[in-house]
Amino acid sequence: MNPHLMTLVGGEALSDVETEALFGEILTGALDDAQIGAALAMLQLRGPTVEEVVGAARSMRAHVTPIPIGPGGRVVVDTCGTGGAPKTFNVSTLSAIVAASASDRLAFAKHGNRSRTGRGSAEVLQALGVNIDASPERQAACLDACGVCFCFAVHHHPAMKHAIGARRSLGFPTLFNLLGPLTNPARASRQVIGVYAPHLVEMLANAQVGLGAERAIIAHSEDGLDELSTTAPNKVAHVRDGSVSFQTLDATTLGLARATVEDLR
């Protein structure tokens, strides 16, 4: 039997190196659907550790189809969420467009996919007439010219095809749902990440430290949104050069009116 599966069966956590190796086997097709499903289910049942998140993200990064960005130029940022929150309009996608229009120093590589709600980044941008299937070279040109591009996850993570069957059969969120925001194909050095559960704020903040992020904000709205929102106070983690700090951020203290989730539908 696979030694990493045996570790999980024994109730023990994997190291980051072991998890990277396990996910490397998943992403190269070395494991069958039953083995992949077992690994993902055991990780989800126990809850992944920071080290396991870091190892899995490193493996996915090693298999990504990158966007060719040269040295210099703008600082690359991503605004991305884990999903799994109440249904609203796509806040992170529009935030990236607005922020890109306000800065000639930052470039926003919006990493996203289609969504079970029908309101994912891909659906929104396609409805706006954006070519969501642009090549990596075209995406790099858009970043340089406009300060924003869309990185369609299905094109940048082809190795994920090996896990599709097992994930579909399981039917519940797994560690893979946390990896999208950590595996931007433009190697974004700064991020704003929304998470669907409060305990993930600290977990993903520490994972970002382990992955060497320069700056990141991890946020969860107290009413369940995976957004930095105006609908409720937000639990926020700030990652800055290897350290993490926490705060509760309420938009009303910034002079913004309180909204409701219904306002965002």
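Bear in mind these aren't lab numbers, they're just calculated from the coordinates by the rules spelled out. Everything numeric here is computed off the predicted structure, so don't read it as measured data. Heads up, the Cβs are rebuilt from the backbone with ideal geometry, glycines too, and the neighbour counts pull from every protein chain shown.
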**Fill in**
For Gly120, the residues 5 or more places away or on another chain with a placed amide H closer than 5 Å to its own amide H are Ser115
**Prompt:** For Lys235, which lysines qualify as cross-link partners when the Cα separation must be under 16 Å and same-chain residues fewer than eight apart are set aside?
**Reply:** none
**Request:** For the chain, find the longest principal axis of its Cα atoms and tell me its angle to the long axis of helix 91-101, 0 to 90°, nearest 10.
**Result:** 50
**Fill in**
Expressed in Å to one decimal, the Kirkwood Rh of segment 1-150 from all distinct alpha-carbon pairs is 17.7
**Asked** Tilt of helix 199-210 relative to the longest C-alpha principal axis of the chain, in degrees (0 to 90, nearest 10)?
**Response** 80
**Lys235, Lys87 arranged by Cβ crowding within 10 Å, fewest neighbours leading** = Lys87, Lys235
**Asked** With charges set only on the Cβ (+1 for Lys and Arg, -1 for Asp and Glu), what does the dipole of segment 1-88 come to about its Cα centre, in debye to the nearest 20?
**Response** 440
**Request:** Mind running the shape call on segment 144-235? Use the C-alpha gyration tensor, a ≥ b ≥ c as the square roots of the eigenvalues: rounded below 1.5 for a/c, prolate if a/b tops b/c, oblate otherwise.
**Result:** oblate
**Prompt:** Distance from the Cα centre of segment 203-236 to that of segment 1-38, in angstrom?
**Reply:** 28
**Prompt:** Hey, what do the phi angles of segment 235-251 turn into as Karplus ³J(HN,Hα) couplings, whole Hz, using 6.51/-1.76/1.60 and θ = phi - 60°, x for Gly and Pro?
**Reply:** 7, 10, 10, 10, 9, 8, 6, x, 10, 10, 10, 10, 7, 9, 10, 10, 4
**Message:** At a threshold of 8 angstrom on Cα-Cα distance, excluding pairs fewer than six apart, so keeping six or more, what relative contact order does the chain reach in percent?
**Reply:** 21
**Prompt:** What Kirkwood hydrodynamic radius, in Å, does segment 108-265 give when the mean of 1/r is taken over all pairs of distinct Cα atoms and then inverted?
**Reply:** 17.2
**Request:** State to the nearest 20 debye the size of the charge dipole of the chain about its Cα centre, where the only charges are +1 on K and R beta carbons and -1 on D and E beta carbons.
**Result:** 540
**Message:** Order these by the 10 Å Cβ neighbour count, fewest first: Lys110, Lys161.
**Reply:** Lys161, Lys110
**Message:** On alpha carbon coordinates alone, what is the Rg over Rh value for the chain, Rh being the Kirkwood radius?
**Reply:** 0.96
**Asked** What lysines could a cross-link reach from Lys110, if we take a straight Cα to Cα line under 22 Å and drop same-chain neighbours fewer than 8 places away?
**Response** Lys87, Lys161
